[in-house]
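S.K.: Shown below is the structure under consideration.
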Amino acid sequence: MKIGKKKTAVMTLLVLVFAAAAWSRAAEPEPLEGSQVETITVTAQKRKEDVRTIPVSISVLTDMAIEDKDISSTRDIRFHVPNFTSLNSGSRDYFSRIGIRGISNTAIGDPAVALYIDDVSYADVFSFNLPLFDLERIEVLKGPQGTLYGKNTEAGVVNIITKSPSNILESFADFAIGNYGQKSFSGFVNAPFKEDTLFGRLTIHKSVRDGFVDNVHTGGQVDNHDTLAARGGLVFAPASRLAMDLNLSLTRLDDDGGFPMTPMDKQQYEAASGLSGLDDFQVGYNYLGESSSENATASLRVKYEWDTVDLVSVTALRYMDNESDLDADFTPKELYIGFNARESRSLTQELRLQSGSGDTSDKWLVGLYFSDDDVDHDTGYRLDRASADANGVDLYTEDRISADLGARDMAVFSQGTLRYFDNRLGATAGLRYEHARRTMDRVHTFDGSPSADPMNALEKTYGELLPKLAFDYTLTPDVMVYTSVARGYKAGGYSYAVDDEDMVEFDPEISTAVELGIKAEFPEKRGWINLTGFYTMVDDFQDRVKVDPMTIVQANATEVDIYGIELETAWSLIQGVTLAASLGYTHGVYGKYIDPMTGEDYRDKQITLLPEFDATLSLTWRTMAGFYAGASVYGAGTTYFDRSNTQKQSPYALLNLKAGYEQEKWDIYLAIENVTDRQYFLDAFEDPGVGYMGTVGNPRTITLNCKLRF
């Protein structure tokens, strides 16, 4: 991208932001009695604050929004948050390519988007497929959040807050059935054991669903889902200033089909497999495969409040065990069975000293962070009958790569906000020093014998300063404008799947992001609007690079320039009727990027797996008598699956409808998602034998849902 174009883009964003500010100040609609949007409190900056007063681009989904929109996994967030992408291989045990503003997670290395649940870091790209239930809210922070959240926040943070135990004795049950064999149950019991001192909450979730993708070779489906999850929380407040929260969670995901991907190039697939006439929901595997994921987390949060200072400690232990196998040639031929196994253990500790919640003007925070992660990773393939016979070896002879990956991170951080001119001007500055150590031991064997030199005791350390500077100014009590600049960071590491020791190491990815925004609330709280413009420069962009037909490495491939806008708004039109809309536009292109195999230069090509735009329009209606109706339309622009920008998903739109009847003790709903049964692909990769294989989006689903409160 040329410098002139960059300046033009940034100036355009400036004009848009401040034009919107002037328009919102002039907007003075007549108040409508009983029609208001709610005030939302978030903890995005490690303290409770009104989201409208924070100089950060944040999208918030409240508990009511989560229920109305039927959000049950992180994959569903993309339909309701602009410039948020969630792509996947269809297998829930494998990593999800979560992305914000064009920067996304990759299968190797640290995430670019961090996942936090109840103040606990889930710092693993394989952790994003957990089911979501019994939630208070979801906060999506966009842009680098390194000062407060540290590593893995170069693109942003998904901050999930579950519902805490309370002093109220209550219980809840949620039953659902639908097409494709959908059946689910969620429920909780909340009980005070000693009033104002000890109370607990137990939540469970169980769901099953038949697959969407048919296997025409063996019959049946290749993507059946079975989910079981439980979460328990205990709050102990022995004194008015002291509170301790203990949380335990367990999740198990069992799916058929390791990678339920379907052919996009039907002609090439027919030539390789002998199967013709397949649609986007059909495959022809001789081996079904399966995948499973077990997750367990235990955390303790302790908070002590003095008059003006709070001390917060968050300690967490996490365990994850993911396994999958699949038909690696994606055909009826008995060639290869791929497998992937990943077992990880994680310890994290954060300690924060911060200004008390009663201080509404100047704010400060200092903290320490430590994490230690250990991962045992096994990946490779087994020779199926045809390949075993052709190579003269036993059936299911293994080509296996085993790697022990270590990650240890330590950080010290601080952030403060000072306010001037009767609190109308705020200046925020933050700084974090992050120290990272990455290690690897690795062996590659075939039929139990070494097929490459082992790599032992590889170790690399990194250190990075992550500053942030932001200013906000309150034009009127209802309008705030802000600007910020922040540095993002994703640590380096090792590509465990490559035999050449000279190619295993990759360096950190560093970004600098500038943001301009406005947050405006309209009189009588009838509505609000957020408009943000951003520009991000990424150095040493980490990407998966194919260096020969059989070898893919994680490498620092190029530089990337990204700019765009985000618009979110909600209006209470009349009592009970709310209109909401969002629009995200991100333009991201590669710098000089030479393909090692073809020699092609991808300079100025659009970043892969980044929709040119995304937009959502929704309307909800609730009556005093209890009737509910909702409709939403989601649209996404062209998405490229290859760096040459030739293989793509064209723009598409999805329509969702929902209607119900709500009462004090029970609710009932009927929901239809993807009403028009639009077919589209979410993700894709090129296989040398069968061409592009893709993950197809969900077809039309119909769900009947009943909720009971006791």
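The values are calculated or read from the model by the stated rules, or taken from the named source; none is laboratory data. Bear in mind the structure is a predicted one, so any value in this text is a computation, not a measurement. Every residue, glycine as well, gets a Cβ built from its backbone with ideal geometry; the counts of neighbours run over all protein chains shown. Each accessible area value is taken on the protein alone, full model and side chains, heavy atoms only, with ligands, DNA and RNA left out. Shrake-Rupley method; radii C 1.70, N 1.55, O 1.52, S 1.80 Å.
S.K.: Please specify each residue of the stretch 686-710 satisfying the condition of being closer than 18 Å to residue 609 by Cα and in a strand (DSSP E or B).
M.R.: 686, 687, 691, 692, 693, 694, 695, 696
S.K.: Might you let me know whether the stretch 684-700 holds any residue that is out of contact with any Gly (no Cβ under 7 Å at 6 or more places or on another chain), open to solvent by 70 Å² or more (accessible area, probe 1.4 Å) and closer than 24 Å to residue 562 by Cα?
M.R.: Scanning the stretch 684-700 turns up at least one residue that is out of contact with any Gly (no Cβ under 7 Å at 6 or more places or on another chain), open to solvent by 70 Å² or more (accessible area, probe 1.4 Å) and closer than 24 Å to residue 562 by Cα.
S.K.: From the list 133, 172, which one is within 15 Å of residue 231 (Cβ to Cβ), in contact with a strand residue (DSSP E or B) (Cβ under 6 Å, 6 or more places away or on another chain), buried (at least 23 other Cβ atoms within 10 Å of the Cβ) and in contact (Cβ under 8 Å) with a residue 24 or more places away in the chain?
M.R.: None of the others qualify; the one that does is 133.
S.K.: Given the criterion within 27 Å of the chain's Cα centre (by Cα), modelled with pLDDT of 90 or more and of a type in the set (Asp, Glu), identify the matching residue among 521, 600, 568.
M.R.: 568
S.K.: Okay, next question. If you scan the stretch 369-388, which residues turn out to be small (Gly, Ala, Ser) and farther than 16 Å from residue 447 by Cβ?
M.R.: Matches in the stretch 369-388: 371, 386.
S.K.: Restricting to the stretch 447-477, count the residues that are open to solvent by less than 60 Å² (accessible area, probe 1.4 Å) and of a type in the set (D, E, K, R).
M.R.: Residues in the stretch 447-477 being open to solvent by less than 60 Å² (accessible area, probe 1.4 Å) and of a type in the set (D, E, K, R): 3 in total.
S.K.: Those residues that are polar (S, T, N, Q) and either surrounded by 17 or more Cβ atoms within 10 Å (Cβ to Cβ) or touching a residue at least 24 places away in the same chain (Cβ under 8 Å) (or both), I need them from the stretch 41-58; list them, please.
M.R.: Hits for the stretch 41-58 are 43, 45, 53, 57.
S.K.: Additional query: Being modelled with pLDDT of 95 or more and crowded, with 19+ Cβ neighbours inside 10 Å narrows it down to one residue among 405, 335, 368; which is it?
M.R.: Only one candidate passes the filter, namely 405.
S.K.: Do we find a residue being small (Gly, Ala, Ser), open to solvent by less than 60 Å² (accessible area, probe 1.4 Å) and either touching a Cys at 6+ places or on another chain (Cβ under 8 Å) or in a loop (DSSP other than H, G, I, E, B) (or both) anywhere in the stretch 253-269?
M.R.: Yes, some residue in the stretch 253-269 is small (Gly, Ala, Ser), open to solvent by less than 60 Å² (accessible area, probe 1.4 Å) and either touching a Cys at 6+ places or on another chain (Cβ under 8 Å) or in a loop (DSSP other than H, G, I, E, B) (or both).
S.K.: Something else about it: Taking the condition of being closer than 22 Å to residue 155 by Cα, assigned to a strand (DSSP E or B) and of a type in the set (S, T, N, Q), how many residues in the stretch 576-627 meet it?
M.R.: Within the stretch 576-627, residues that are closer than 22 Å to residue 155 by Cα, assigned to a strand (DSSP E or B) and of a type in the set (S, T, N, Q) number 4.
S.K.: (1) in contact with a helix residue (DSSP H, G or I) (Cβ under 7 Å, 6 or more places away or on another chain); (2) over 26 Å from residue 566 (Cα atoms): which one isn't true of residue 630, the others all being true?
M.R.: Among (1) in contact with a helix residue (DSSP H, G or I) (Cβ under 7 Å, 6 or more places away or on another chain); (2) over 26 Å from residue 566 (Cα atoms), residue 630 violates only (2).
S.K.: For residue 661, state whether it is of a type outside the set (D, E, K, R) and either at pLDDT 95 or above or surrounded by fewer than 18 Cβ atoms within 10 Å (Cβ to Cβ) (or both).
M.R.: In short, yes.
S.K.: I'd like the residue in the stretch 113-150 that is assigned to a loop (DSSP other than H, G, I, E, B) and at pLDDT 90 or above and, out of all such residues, is nearest to residue 562 (Cα to Cα).
M.R.: Only one residue fits best here, namely 143.
S.K.: How many residues, within the stretch 59-87, are part of a strand (DSSP E or B), open to solvent by less than 10 Å² (accessible area, probe 1.4 Å) and in contact with an Asp or Glu (Cβ under 7 Å, 6 or more places away or on another chain)?
M.R.: Count: 1.
S.K.: From 148, 228, which residue is open to solvent by 20 Å² or more (accessible area, probe 1.4 Å), within 29 Å of residue 314 (Cα to Cα) and out of contact with any helix residue (DSSP H, G or I) (no Cβ under 8 Å at 6 or more places or on another chain)?
M.R.: Sole residue among the options that is open to solvent by 20 Å² or more (accessible area, probe 1.4 Å), within 29 Å of residue 314 (Cα to Cα) and out of contact with any helix residue (DSSP H, G or I) (no Cβ under 8 Å at 6 or more places or on another chain): 228.
S.K.: For residue 646, work out the one condition from (1) without any contact (Cβ under 8 Å) to a residue 24 or more places away in the chain; (2) open to solvent by less than 60 Å² (accessible area, probe 1.4 Å) it doesn't fulfil.
M.R.: Only one criterion in (1) without any contact (Cβ under 8 Å) to a residue 24 or more places away in the chain; (2) open to solvent by less than 60 Å² (accessible area, probe 1.4 Å) is unmet by residue 646, namely (2).
S.K.: Quick test for you: out of 153, 218, pick the one residue that is assigned to a loop (DSSP other than H, G, I, E, B), closer than 30 Å to residue 332 by Cβ and among the hydroxyl-bearing types (Ser, Thr, Tyr).
M.R.: 218 is the lone residue from the list that is assigned to a loop (DSSP other than H, G, I, E, B), closer than 30 Å to residue 332 by Cβ and among the hydroxyl-bearing types (Ser, Thr, Tyr).
S.K.: Just checking, does the stretch 426-442 include any residue being open to solvent by 20 Å² or more (accessible area, probe 1.4 Å), without any contact (Cβ under 8 Å) to a residue 40 or more places away in the chain and more than 26 Å from residue 557 (Cα to Cα)?
M.R.: Checked against the condition, which is being open to solvent by 20 Å² or more (accessible area, probe 1.4 Å), without any contact (Cβ under 8 Å) to a residue 40 or more places away in the chain and more than 26 Å from residue 557 (Cα to Cα), the stretch 426-442 yields no hits at all.
S.K.: Let me ask something additional. Mind checking which residues of the stretch 502-520 are open to solvent by 30 Å² or more (accessible area, probe 1.4 Å) and assigned to a strand (DSSP E or B)?
M.R.: Within the stretch 502-520, 505, 512, 514 qualify.
S.K.: Of 348, 379, which residue is closer than 27 Å to residue 450 by Cβ and open to solvent by less than 50 Å² (accessible area, probe 1.4 Å)?
M.R.: 379
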